[in-house]
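Notes follow the structure.
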Amino acid sequence: MSNLILCNGITADEPYNFSLTGDNVYTIEELCYYIYNNIYSITTSGFTKELVLWIRNNLHMEELAGKLEKLIEDGNNLKDIAVTIMCACDYYNEAQINYMIEVIDDIEGMSPILRRKIKADNYLKYKYYSNASKEYESILDSKEATELTGEQFGAIFHNIGIAKLHTSSFALAGESFKEAYLRNNNIESLKAYLFTLKMDGKEEEYEYELMNYSVSGEDAKKIANEYLLMNEEAKMCEEFTKVIKLEKMMYDGKHTQFNEGVDEYIEELKMDYIKRRAMER
């Protein structure tokens, strides 16, 4: 959590970690801020006995811990639990809390399959690509999938394509983007499909699909330019920059720095892998 938050209560020595987003909170104000700004990501499963213990033992808020403990044991809904926490300090005013309640009511008023889609969308948002892909595919295989509109089907296939870009191949991602476009007729899905063909080196197929989908010369030029820009932006991403720096150290003969940098990078990848595996259990 990078925002500056004014806190008046106790600051915990040990943070509470939200495994989905990886965020740590140290105060009741930070906990309220997290809930308010991640309300679409949070479910009742996010409010655990571990959170109650953290509030009791680290923030020394016995009354709040007792209320939450009973709410969780009684199986109360997200709204009751969230409002109880939000009212434990003055970080948000009544109007803001009422807005949050409206959002929760909207979520709880959705059909079960749309709530599942929000769950999958949040996995994707926080880069749990395997979890997202499994959840989306489970939605498509469910009986309730008949409730989805063509646009919603398209959005799901598009997001599966994004997940497969990170976990599978350009070809499989492209199939999902293509299916998405057939469902939603959204130009973004078509562009994503065409981009995967370019990334996979399938230039002839790329040209064929431009004609197949009646892409005008002007639009084809825009798509090509956007692809070039995307490539340049990818080269500036954090992971790419790390690898380039390590490569430069190696060629410059800075072997000690190179080895230390590689070890550090591998450790980061290991920790990220462990965290994601834990989420998949």
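Descriptive notes on the structure:
- Residue 117 being in a helix (DSSP H, G or I), outside the structural domain of residue 43 (by TED's automatic domain parsing) and under 27 Å from the mean Cα position of the chain (by Cα): yes
- The single residue among 58, 76 that is of a type in the set (S, T, N, Q) and touching a strand residue (DSSP E or B) at 6+ places or on another chain (Cβ under 9 Å) turns out to be 58.
Condition check ((1) in contact with a helix residue (DSSP H, G or I) (Cβ under 6 Å, 6 or more places away or on another chain); (2) in contact (Cβ under 8 Å) with a residue 12 or more places away in the chain; (3) not aliphatic (A, V, I, L, M)) across all residues:
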{"site": "144", "(1), (2), (3)": "yes, yes, yes"}
{"site": "152", "(1), (2), (3)": "no, yes, yes"}
{"site": "159", "(1), (2), (3)": "yes, yes, yes"}
{"site": "168", "(1), (2), (3)": "no, no, yes"}
{"site": "212", "(1), (2), (3)": "no, no, yes"}
{"site": "222", "(1), (2), (3)": "no, no, yes"}
{"site": "246", "(1), (2), (3)": "yes, yes, no"}
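- Unique residue being more than 30 Å from residue 137 (Cβ to Cβ), modelled with pLDDT under 95 and in the same structural domain as residue 134 (by TED's automatic domain parsing) when the list is 228, 246: 228
- From 219, 200, residue being at pLDDT below 95, surrounded by 12 or more Cβ atoms within 10 Å (Cβ to Cβ) and within 30 Å of residue 134 (Cα to Cα): 200
- Qualifying positions in segment 12-35 - at pLDDT 90 or above and of a type in the set (Ser, Thr, Tyr): 16, 26, 27, 33, 34
- Any chance residue 125 is touching a residue at least 60 places away in the same chain (Cβ under 8 Å) and either surrounded by fewer than 17 Cβ atoms within 10 Å (Cβ to Cβ) or of a type in the set (Asp, Glu) (or both): yes
- Any hit, segment 171-182, residues being in a helix (DSSP H, G or I) and either farther than 22 Å from residue 130 by Cβ or touching a residue at least 40 places away in the same chain (Cβ under 8 Å) (or both): yes
- Residues in segment 165-180 that are more than 17 Å from residue 145 (Cα to Cα) and surrounded by fewer than 22 Cβ atoms within 10 Å (Cβ to Cβ): 165, 166, 167, 168, 169, 170, 171, 172, 175, 178.
- Failed condition for residue 88, given (1) touching a residue at least 12 places away in the same chain (Cβ under 8 Å); (2) in the same structural domain as residue 22 (by TED's automatic domain parsing); (3) among the aliphatic types (A, V, I, L, M); (4) part of a helix (DSSP H, G or I): (4)
The values are calculated or read from the model by the stated rules, or taken from the named source; none is laboratory data. What you see is a predicted model; the values in this text were computed from it and never measured. Please note: Cβ atoms are built from the backbone with ideal geometry, for glycine as well, and neighbour counts cover all protein chains shown.
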